[in-house]
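In what follows, a structure is listed as structure tokens, so that the remarks can point back to it.
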Amino acid sequence: MGTAERHRASGEQQAQRPPLWVEEPARRRRLPDPVRTAAVRAVIIVALTLVQAMVAFLAALAGSWLSFPMVLSSVASTVVATWGVLDVWVTRQVWNQRYGVVSAPSSTARRLRRERRRARRQARGAAGGQERMGGKDRIQAHSGAGQLSHP
């Protein structure tokens, strides 16, 4: 078998093989950049805090002089890690509030609003017609027009 035949045979095998991977659409959208940055920062801080707590625990078991400073710094790291996690949550809320929802009413919502507006106008028109008929009674009823509040 010559080299040309081997290349042809390997080319046929490659044509028959399925691709190494198939790209699928993402199930969820990617996190916004500020939120992703805060999340990465929080994960790193939490991981370091857990390592520090483990070292403090092992130092306490060994009876090392290093255990007390490590426990104190672990408490401080826990506070910082809590701040990091809250930072992710707050950053996500702020981003959603600023850029999250794009309000574009559908044609159905627009149609329903138009119908409601039309019904309100008709109701006001009917009520206004009755008031106009009352004429003098309406003027007498509102004779205290200068009053700011009821007696």
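Some values worked out for this structure:
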{"item": "Residue match in the range 43-61 (condition: under 20 Å from the mean Cα position of the chain (by Cα), assigned to a helix (DSSP H, G or I) and at pLDDT 95 or above)", "result": "yes"}
{"item": "Members of the range 38-78 found to be under 22 Å from ARG92 (Cβ atoms) and free of Cβ contacts under 8 Å to residues at least 12 places away in the same chain, listed by number", "result": "VAL40, VAL43, ILE44, ALA47"}
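The values are calculated or read from the model by the stated rules, or taken from the named source; none is laboratory data. All values derive from a computational prediction rather than experimental measurement. Cβ sites come from the backbone with ideal geometry, for glycine too, and all protein chains shown count toward neighbours.
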